[in-house]
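Structure, as structure tokens:
The values are calculated or read from the model by the stated rules, or taken from the named source; none is laboratory data. Treat the numbers as computed from the prediction; the structure is a model and nothing was measured. Reconstructed Cβ throughout: ideal geometry from the backbone, glycine too, with neighbour counts over all protein chains shown.
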Amino acid sequence: MSSRWLEPFKATNAKRIALYLEDRQSFLEALTAAWSLGKQVVLPGDVLPHTLDALAPHVDAYAGDFPNSLQPGSSTGAKLTYDSFDRELEGVVVFTSGSTGAPTLITKKLRQLFDEVVTLESTFGQDLGVDATHVSTVSHQHIYGLLFAVLWPYVSGRPLAARRLEYPEEIEQALRSGPSVLISSPAHLKRLPEGRRWSTQVQAVFSSGGPLSPDGAARAIEVLGHSPKEIFGSSETGGVAWREANDLPWLPMRGVNVRGARGEGEGAILEVESPHLAQPGFFRTADRVEIAPDNSFRLLGRADRIAKIEEKRVSLELIEKTCVESGLLKSARVVTLDGARVTLGLVGVPAKQLDRKELIDQLRAALEKAVERVAIPRKWRFVDQLPVDAQGKVTAPLLALLFEDETAKKPLRPEVEWLERTPTHASLSMTISPELKVLEGHFPDQPIVPGVAQLDWAISFGRDQFTMPRNLLKVEVLKFQKLMQPGHAVALTLDWNVEKTTLTFKFTPRSSEGTYSSGRVVFAA
């Protein structure tokens, strides 16, 4: 592979370069150019202002989709092959997902990355043709997407998709256009449309980032015709084990050894020895485990999901499991909330049509039979689907955001999934909940989202992503073309023009053609 990034990287003295690129081919070219020059690449999960602030102490330069960053040159330079790099180079720094707290930095040597790719090929490569395109619904800015969607096809010589796919329609088209392998997550697989089998040439389906539910596995088999291969691992350990059905034990990857060590009252804690680790020896994880004589194992939950509430040890997973098994919730996640004292908040997807008070009362009654009173959540949020990041992961920071406005009895705007986030462009997905406050009075017989609310959402979500001036100057070319109602699956695209200080927005249906509304908002510079 040749690279247009050699020229700009050679021209800078920077040793640590933050890289964010949506285009996967350009991303790979930039990554390999940096490695060929002995530089370290830092991979943020997004380019939000707070992420840039956190990056600043760890990088010397920025490349790609950052403001005022290094850009590719015109010359392609020499051909770069993976076996020409310094294997001991600490070539990548990734941020963990923050599933149990604040994200942390993890440094990976090139030998760790490429040894893991060799393991993937030796374990799964026999099922894949040499021309199978690696199609992905997860971001390559995180370790799972980096390995499976970028480095694996790079080393094996298979083609890779140009970008992360966002919608079922484009996923289906990509899998239908030629031999392919799908790199996905439990959240994305669970949202595959039911009711029909896609006509595709997909050869394998991978899932990672969290436990794959029976519903998600069944949906993948129904739509794609393949039982997903689940991958268990972490940013620190790399891939540890895999399985093909979610009721079977996990099988360690080739070259990986596992053992159980005693924890502090939570049973055996998984320890891993692997060539994918930075140092030799066993690495202690935060996963509780039951290991069989043949070295396969079953996961029993996270040891670090034990919270202390009023000096009592509380299992967050037991609370979630009890709520789901009660039949009242389809899925649930509990998060610890800091304040004058630590409290628990539960975010759930209702399985029954009950009013809020009745649902909470029944959940409390179910929990009183399973946990101590102190473990019953004090705060509750009910949503159409759990919030996920670009990896399809439900993270503690995303859950905590739902509890920020304690005064609002009904949400002012819908819960969204951010599909794409750059300094000048963003795309979001949302489902219009009947509980939205903006629906009150508009209208009892046919509730609709008023136009002023759609405009407010566009500006509000724009402020979440872009650094925009405070004062609004005017609204241009504002059009409302279709009624937006509860239950509608909606896509929102946002484009920010820094020079003109304008925000362009467009709300469209996820599953059909047409436009709900569109316009351009001009801010005072």
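For segment 380-437, a tally of residues being closer than 26 Å to residue 496 by Cβ, of a type in the set (Ser, Thr, Tyr) and at pLDDT below 80 returns 1. Quick check: is even one residue across segment 452-466 closer than 19 Å to residue 428 by Cβ and assigned to a loop (DSSP other than H, G, I, E, B)? The answer is yes, given that some residue of segment 452-466 is closer than 19 Å to residue 428 by Cβ and assigned to a loop (DSSP other than H, G, I, E, B).
Look through 493, 508, 504 and report the one residue that is more than 23 Å from residue 66 (Cβ to Cβ), assigned by TED's automatic domain parsing to the domain that holds residue 430 and either within 27 Å of the chain's Cα centre (by Cα) or touching a residue at least 60 places away in the same chain (Cβ under 8 Å) (or both). Steps first, answer last, please.
Values: 493 fails: more than 23 Å from residue 66 (Cβ to Cβ); 504 fails: more than 23 Å from residue 66 (Cβ to Cβ).
Selected residue: 508, the only one of 493, 508, 504 that is more than 23 Å from residue 66 (Cβ to Cβ), assigned by TED's automatic domain parsing to the domain that holds residue 430 and either within 27 Å of the chain's Cα centre (by Cα) or touching a residue at least 60 places away in the same chain (Cβ under 8 Å) (or both).
Counting only residues that are touching a Phe, Trp or Tyr at 6+ places or on another chain (Cβ under 9 Å) and of a type in the set (Phe, Trp, Tyr), segment 2-44 holds 3 of them.
Filtered by the rule that a residue be hydrophobic (A, V, I, L, M, F, W, C), more than 25 Å from residue 435 (Cβ to Cβ) and surrounded by 15 or more Cβ atoms within 10 Å (Cβ to Cβ), segment 480-525 gives 496, 503, 521, 522, 523.
Only residues that are in contact with a Phe, Trp or Tyr (Cβ under 8 Å, 6 or more places away or on another chain), in a strand (DSSP E or B) and within 15 Å of residue 273 (Cβ to Cβ) were counted across segment 234-251, and they come to 3.
One residue stands out among those in segment 252-280 that are assigned to a loop (DSSP other than H, G, I, E, B) and polar (S, T, N, Q): the one that is modelled with the lowest pLDDT, which is 279.
Just one of the listed residues (41, 47) is in contact (Cβ under 8 Å) with a residue 40 or more places away in the chain, closer than 20 Å to residue 107 by Cα, assigned to a strand (DSSP E or B) and within 26 Å of the chain's Cα centre (by Cα), and it is 41.
So, in segment 511-525, how many residues would count as being assigned to a loop (DSSP other than H, G, I, E, B) and either closer than 23 Å to residue 475 by Cβ or not assigned by TED's automatic domain parsing to the domain that holds residue 449 (or both)?
Step one: list which residues in segment 511-525 are assigned to a loop (DSSP other than H, G, I, E, B), which gives 511-516, 524-525.
Right, trim to either closer than 23 Å to residue 475 by Cβ or not assigned by TED's automatic domain parsing to the domain that holds residue 449 (or both) and you get 514-516, 524-525.
Total meeting the criteria: 5.
Checking every residue in segment 47-59 against the condition of being in contact with a Phe, Trp or Tyr (Cβ under 6 Å, 6 or more places away or on another chain), surrounded by 20 or more Cβ atoms within 10 Å (Cβ to Cβ) and of a type in the set (A, V, I, L, M, F, W, C) gives at least one match. Being aliphatic (A, V, I, L, M), touching a Ser or Thr at 6+ places or on another chain (Cβ under 7 Å) and within 19 Å of residue 92 (Cα to Cα) narrows it down to one of 138, 118, 155, so name that one. The unique qualifying residue is 138. If you go through segment 45-60 one residue at a time, do you hit one that is within 25 Å of residue 463 (Cα to Cα), modelled with pLDDT of 80 or more and in contact with a strand residue (DSSP E or B) (Cβ under 6 Å, 6 or more places away or on another chain)? Yes, the conditions are met somewhere in segment 45-60.
With 82, 20 as the choices, which residue is under 25 Å from residue 160 (Cβ atoms) and crowded, with 20+ Cβ neighbours inside 10 Å?
Numbers: 82 fails: crowded, with 20+ Cβ neighbours inside 10 Å.
Just one listed residue meets the conditions, 20.
Taken over segment 95-108, the criterion of being at pLDDT below 90 and surrounded by 15 or more Cβ atoms within 10 Å (Cβ to Cβ) is satisfied by 95, 96, 97, 98, 99, 100, 103. Which numbered condition in (1) under 28 Å from the mean Cα position of the chain (by Cα); (2) at pLDDT below 90; (3) not basic (Lys, Arg) is the only one that residue 283 fails? Condition (2) is where residue 283 drops out.
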